[in-house]
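Structure, as structure tokens:
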Amino acid sequence: MLLLIGVMAVFFVSLFFGERAFAAQPQDTFGIGYATATGLGGNQDIRLTIAKIIRVLLGLLGTVALGLVLYAGYTLMTAGGNDEKVNQGKKILTNGLIGLAIILSALAIVQFIIGQLASATGFRGPLNGGGSGAIVFDSFSGSGALGRIVKDHYPFRDDINIKRNTRMVVTFREPIDPASLINDTNNNGILGDCLEANPLDWAVHCDRLKGDAVQIWKVLSEDQSLPQDQREEAVDAAVLALYEEENKAYTFVFRPLAFLGSAERNMWHRVRLTNTILKADGIPVFDGQRTLYYEWKFQTDTLLDETPPHVQSVFPPQGEKAFRNTVIQINFNEPMDPTVVQGVLADGGIFTNLIFGKELGGRVDGEWKITNRYKSVEFLSTLACGQNSCGQTMYCLPTGCGENDLNCEEDYLSLIRTASPVGDDFEAFPFSGVTDMSGNALDGDADGVFDGKPNIANPIVIGDNEKAADNYFWNFTIKNKIDTSAPYIEKVVPGIDAQDVGNSDPVTITYNKIMWLSTLNNMDMEEYGSAQQQQALNNMDELWFVPDSSVVNTLGEPGLKTQMNIRHRVFGPNNLDLFYFPSLSSEIKGINQNCLYPGQGPYSNFIGESPDCVYKEDINGMVIENRGCTRPTFDSGADTSCAESITPTGFAAVPPETNAILTSSTASCLERLREMSDQILGLAG
């Protein structure tokens with residue numbers, strides 16, 4: 001099968017940085033593209049590779065057997081009454097038919113064995129071939145909603161080794177009407193909460209999930225011939241809603257009333273979000289989708305989670321200095337319970353699990369939000385302090401400095417409060433402090449030893465006694481300056497125009513600095529093929545993708561950076577050769593709230609290469625290094641750049657002085673890429 005060539009697209013909104021004037025512009029993007037692997041090789045499952053090899057060999061033998069049958073027929077037809085030739089023809093025909101029967105039987109046996117192995121190990125890949133329109137991979141109905149209306153969820157699709165005492169979380173992109181999925185079981189007039197009680201009975205004191213809106217099943221058997229009540233068991237759960245600005249609810253936490261799974265064996269669970277869930281405006285949540293529900297599965301093992309979470313990194317780091325427009329970021333080693341790490345710091349507020357103390361006194365108002373697959377929380381102040389690089393309001397941490405005193409600094413102390421213990425381990429009382437998804441209290445010093453929670457004298461003040469035990473605290477300094485630098489993309493994998501990309505290969509994007517993780521979902525990815533391929537894709541759910549980020553150190557240079565790993569549905573489903581155009585919107589921002597750099601990103605003239613883009617300026621804003629990058633012109637009307645390492649006939653070549661084709665908008669760039677893809681597909685025949 002012919003391997004198609006992918007196309008690398010690079011496109012940005014026209015922005016400026018440093019002391020240049022900023023104005024709001026249409027949100028253009030940076031993107032990458034590549035084709036999927038076909039045939040053998042790549043990172044496909046070894047069973048699939050073995051199956052294909054065996055099928056090829058049996059196919060060749062079948063061709064030989066069929067040739068013998070045809071030859072035998074020819075011999076009989078030309079025997080002319082010669083008994084010797086007739087007997088010879090009959091013998092060849094008999095042997096050929098016997099050989100053909102053996103080959104067909106062998107193929108059936110091989111298919112059966114591989115199918116049983118696949119079933120036993122949970123693999124549901126494309127082992128049976130199938131037509132271009134057949135869905136032979138485990139796509140899940142409604143999976144196209146992920147990344148569109150369903151922003152994220154935990155456990156994630158196909159996750160295994162999930163602990164039996166876990167909570168489940170779903171976050172939507174748009175605000176949801178809580179009444180459409182919550183029963184006010186505790187009768188207090190508030191949807192998605194628990195009454196204060198000690199001990200807390202989740203079934204009595206908390207609101208319950210509407211079973212027709214969110215359906216959770218424990219899979220007892222895969223035997224489809226059994227009645228559903230013998231194949232699946234419904235899971236009842238309490239539900240908590242997280243209310244954000246203007247009392248909007250995006251995130252919902254489901255707490256099963258009994259442990260999931262079994263203590264004897266691993267068990268799959270299936271979760272379905274139905275179209276009875278309504279958006280805040282009353283419109284069913286999946287209206288307009290090909291499938292009017294969203295479904296995924298995960299597997300629990302036989303254990304309970306008794307391991308506490310800990311802090312993996314913070315920004316600003318311990319003892320370091322940062323600018324006023326910094327977003328405070330905390331990264332944990334595992335997903336955390338959103339109900340205890342997300343909240344508003346304000347006068348009269350009740351959220352005190354994550355607070356600040358300023359050496360000069362004064363409260364810091366703002367909001368902590370959970371993000372990054374529920375592993376990170378970020379704090380944004382409510383103090384407006386100008387505009388960012390794309391003309392949007394920027395917010396700053398308060399200082400006691402004079403407005404023009406740029407040498408002034410203020411010291412901050414930040415505290416994360418662990419939860420109160422139930423006994424002598426990390427199992428915690430609900431809502432008493434920071435916990436993971438299984439209710440284990442924070443291990444502040446990450447030593448695995450239970451130290452307990454210090455007494456709190458004043459919930460909005462950091463007491464000296466709280467700088468100990470399993471709380472986590474750190475110091476940093478805020479400078480009375482604003483950082484005007486804009487982030488850019490430093491490296492992408494797969495590289496530009498990469499070929500032979502495996503259907504499950506990772507997609508990673510490394511930025512030049514720490515990013516504002518809450519903005520990284522502002523991306524898109526287009527799946528593109530020939531008209532016939534597009535028709536086959538129409539029978540499937542849309543491509544889904546979710547960013548999962550971590551803090552890294554790259555290029556051997558000092559400084560922390562964000563690396564975004566994109567989890568995605570298989571590329572090239574059903575062995576289709578397709579083009580992919582991921583695009584990163586300028587709504588993606590750095591930790592300093594500035595938008596993605598307008599025209600800077602890795603570029604190469606060599607197919608599949610993934611160079612490091614290095615860009616540096618001096619203190620006056622003059623470029624002193626621009627290596628391996630596209631080169632923008634800072635023309636607001638023509639600075640959207642489309643970079644590709646291959647240019648088919650009839651398209652303008654990539655000019656060496658810019659390393660990119662400059663277009664006026666993202667739309668025009670994407671149109672060019674589609675036309676180039678069509679030409680490559682046409683050349684491929």
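Laboratory data are not the source of any read-out in this text; all were calculated from the coordinates shown. Because the structure is predicted, anything quoted here is derived from the model rather than measured. Virtual Cβ from ideal backbone geometry, glycine too; neighbours counted across all protein chains shown.
Spatial offset of the range 491-540 relative to the range 356-435 amounts to 33 Å, using the alpha carbon center of each. The Ser420 and Ala234 beta-carbon pair, evaluated with R₀ = 41 Å, returns a calculated FRET efficiency of approximately 0.80. Counted residue by residue at 0.36 nm each, then reduced by the alpha carbon distance between them, the extension gain from Leu226 to Leu304 reaches 25.1 nm. Taking amide hydrogens as placed 1.01 Å from N in the peptide plane, the amide H of Glu526 sits under 5 Å from those of Phe581, Ser583, each at least 5 positions away in sequence or on another chain. Net length available on complete extension from Asp548 to Lys481 is 21.0 nm, with 0.36 nm assigned per residue and the Cα-Cα distance removed. For Ala667 and Thr291, the FRET efficiency from 1/(1 + (r/R0)^6), where r spans their Cβ atoms and R0 equals 22 Å, is about 0.20.
For a modelled paramagnetic label at Glu246, 7 Å from Cα along Cα-to-Cβ, the residues of the range 278-295 in reach, with backbone nitrogen under 16 Å, are 279-283. Near the amide H of Thr630, within less than 5 Å, lie the amide hydrogens of Gly601, Tyr603, all on another chain or at least 5 residues away, with H placed in the peptide plane. FRET efficiency for the pair Asp678 and Asn455, taken as 1/(1 + (r/R0)^6) with r the Cβ-Cβ distance and R0 = 51 Å, rounds to 0.15. Charges were assigned to the Cβ only: +1 to each Lys and Arg, -1 to each Asp and Glu. The resulting dipole of the range 164-300 about its Cα centre is roughly 480 debye. Hey, if you put +1 on the Cβ of every Lys and Arg and -1 on every Asp and Glu Cβ in the range 164-300, which of Leu226, Ile182, Phe254 ends up farthest toward the positive end of that dipole? Farthest towards the positive pole: Leu226. Spacing of the modelled spin labels on Leu70 and Asp201, each 7 Å from Cα toward Cβ, amounts to 7.9 nm.
For Glu490, the residues whose modelled amide H falls within less than 5 Å of its own, excluding neighbours fewer than 5 places apart on the same chain, are Thr510, Tyr511, Asn512. You can think of it this way: the chain between Ala384 and Asp411 has 7.7 nm of extra reach, that is 0.36 nm per residue less the Cα-Cα gap. Summarising the label geometry, the points placed 7 Å from Cα in the beta-carbon direction at Ile160 and Asp365 lie 5.1 nm from one another.
Rg and Dmax of the range 381-525, based on Cα coordinates, read 21.4, 62 Å. Using DSSP to call loops (not H, G, I, E or B), can you name the GluC sites (Glu not before Pro) in the range 273-358 whose Cβ has at most 16 other Cβ atoms within 10 angstrom? The qualifying sites are Glu306, Glu320. Along the range 155-161 the Karplus relation, 6.51 cos²θ - 1.76 cosθ + 1.60 evaluated at θ = phi - 60°, assigns HN-Hα couplings of x, 7, 4, 6, 4, 10, 6 Hz to successive residues, with x for each Gly and Pro. The distance between label points at Ala101 and Glu264 comes to 4.5 nm (points 7 Å beyond Cα on the Cα→Cβ vector).
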